[in-house]
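Heads up, the thing below is written out as structure tokens.
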Amino acid sequence: MFTELDQLSNSVVDLIKQNQLDEAEAVSLRLLNEYPDQIDGLNRLAMVYEARGEKGKAAEHYRKAYHFAMSHEGFDQHDQHAADWFLSEANRLASQNNME
């Protein structure tokens, strides 16, 4: 059974796939506001900015997701892979942004 958090988070992915980026951003901001103790809002907002081609903003939010993962007790060593992925995405997008 999905929680509201899961449903909102998954809906952002669906909205991005449908190129409904304003709606996806609104849901991502809702995630940030209603679930500040969860990483979903930061991750999804990064995805929205990346879909818009706003690589600098996307990199910034992936970096925030990385720092969130590293500073919250809910993330254990198993989640280190996810944290490292956020950082690699931030670095990849920042590099692409600097090349343009």
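Data overview
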quantity: Which of K17, K64 has the fewest Cβ neighbours within 10 Å, and the rest in rising order; calculated: K17, K64
quantity: In sequence order, calculated HN-Hα J values of the range 23-38 (Karplus, 6.51, -1.76, 1.60; Hz; x Gly/Pro); calculated: 5, 5, 5, 4, 5, 4, 5, 4, 4, 4, 6, 8, 10, x, 8, 10
quantity: The range 4-99 - charge dipole about Cα centre, Lys and Arg +1 at Cβ, Asp and Glu -1, debye rounded to 20; calculated: 500
quantity: Ellipsoid equivalent to the chain - semi-axes via the Cα gyration tensor, in Å; calculated: 20, 19, 10
quantity: In Hz, Karplus ³J(HN,Hα) per residue of the range 48-64 (6.51, -1.76, 1.60; θ = phi - 60°; x = Gly, Pro); calculated: 4, 5, 5, 4, 7, x, 8, 5, x, 5, 4, 4, 4, 6, 5, 5, 4
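We did not get these values from a lab; they are worked out from the coordinates using the rules stated. All values reported here derive from a predicted model rather than from experimental measurement. In this analysis, Cβ positions are derived from the backbone assuming ideal geometry, glycine residues included, and neighbour counts consider all displayed protein chains.
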